[in-house]
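Q: Next up is a structure, given as structure tokens.
The values are calculated or read from the model by the stated rules, or taken from the named source; none is laboratory data. Since the structure is predicted, the reported quantities are computational estimates derived from the model, not experimental observations. We place every Cβ from the backbone using ideal geometry, glycine too, and count neighbours over all the protein chains shown.
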Amino acid sequence: MDLLTVDIKHAGYSDNTEVIKNVTLSLKPGELVGLIGPNGAGKSTTIKGIMGLLPVMDGKVEFAGARKNFAYIPEQPVLYEGLTLWEHLELAAAAYEIERKVFVPKAEELLKLFRLTEVKHHLPGSFSKGMQQKVMLIVSFLLEPSVFVVDEPFVGLDPRGTKDFLAYLNQARAKGAGVLMCTHILDTAERICSSFVLMNAGGVIARGDLAEIREQCQLPKGSLLECFDKLLENS
């Protein structure tokens with residue numbers, strides 16, 4: 001059963017402005033689907049549509065189960081000025097009704113993994129961009145959602161942070177979670193994604209795993225970047 005199905009006929013920010021159209025995708029347990037496209041392709045609008053944040057949308061977004069169990073990791077961290085890192089985690093745990101006996105060891109494990117234990121009682125407003133991004137990652141992993149929606153997760157992360165993030169994400173996928181990841185870093189996407197949805201000018205121009213994308217482009221040995229460049233030329 002799909003964890004997430006998206007069928008957006010058209011959507012935008014006002015009645016007379018259509019930003020995306022005919023966008024369909026699905027996400028199965030264990031999948032990591034890369035949402036790929038140049039600036040202005042409609043990736044961020046698609047993500048907002050999935051999250052129910054668009055004022056104008058004709059379409060359908062369905063999550064498996066009665067409750068929308070997803071975590072969104074934005075490109076720009078969203079943090080509360082007056083809360084420490086630990087208080088951010090406590091707030092997330094309270095909002096999702098995570099018992100304290102479960103919350104505390106899980107939070108401590110994640111803080112250790114991302115090397116933020118020593119600053120857990122500090123205000124994240126003083127952190128670097130990479131450290132703030134790690135806070136968002138910790139909150140999302142703490143919630144253990146069935147669907148992760150991730151927007152440009154590698155921006156600001158150092159190589160070790162990227163490695164830790166991908167390792168933990170793979171653990172979540174092994175337990176049945178699915179990931180929809182928007183990224184411009186195509187060499188990394190080619191290596192880690194199980195399939196791709198390629199967008200341009202507000203619509204989907206190709207979808208499938210790398211072999212299927214290569215077949216659509218008639219580039220049997222092409223990289224994801226080479227295939228994408230050819231699709232853009234022909235679209």
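Q: Suppose we filter Ile185, Ile138, Ile98 for residues that are within 26 Å of Leu53 (Cβ to Cβ), over 16 Å from the mean Cα position of the chain (by Cα) and of a type in the set (Val, Ile, Thr); which single one remains?
A: Ile98
Q: Here's another thing I want to ask about it. For the condition loosely packed, with under 14 Cβ neighbours inside 10 Å and of a type in the set (Val, Ile, Thr), what is the one hit in Val135, Val102, Val139, Val147? Give the steps one after another, and end with the answer.
A: Working: Val135 fails: loosely packed, with under 14 Cβ neighbours inside 10 Å; Val139 fails: loosely packed, with under 14 Cβ neighbours inside 10 Å; Val147 fails: loosely packed, with under 14 Cβ neighbours inside 10 Å.
Matching residue, one of Val135, Val102, Val139, Val147: Val102.
Q: Within region 154-197, which residues are assigned to a strand (DSSP E or B) and modelled with pLDDT of 95 or more?
A: Hits for region 154-197 are Gly178, Val179, Leu180, Met181, Ser195, Phe196, Val197.
Q: Name every residue in region 90-101 that is without any contact (Cβ under 8 Å) to a residue 12 or more places away in the chain and under 15 Å from Pro145 (Cβ atoms), in order of residue number.
A: If the condition is that a residue be without any contact (Cβ under 8 Å) to a residue 12 or more places away in the chain and under 15 Å from Pro145 (Cβ atoms), then Ala95, Glu97 are the ones that fit.
Q: Being in contact with a Lys or Arg (Cβ under 6 Å, 6 or more places away or on another chain) and over 30 Å from Asn170 (Cβ atoms) is the filter; apply it to region 13-68 and report the residue that is surrounded by the fewest Cβ atoms within 10 Å (Cβ to Cβ).
A: Asp58
Here is a yes/no grid of residues against (1) in a loop (DSSP other than H, G, I, E, B); (2) of a type in the set (Gly, Ala, Ser); (3) closer than 30 Å to Leu111 by Cβ; (4) modelled with pLDDT under 95:
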site: Lys9; (1), (2), (3), (4): no, no, no, no
site: Asn22; (1), (2), (3), (4): no, no, no, no
site: Pro29; (1), (2), (3), (4): yes, no, yes, no
site: Leu35; (1), (2), (3), (4): no, no, yes, no
site: Thr45; (1), (2), (3), (4): no, no, no, yes
site: Leu54; (1), (2), (3), (4): yes, no, no, yes
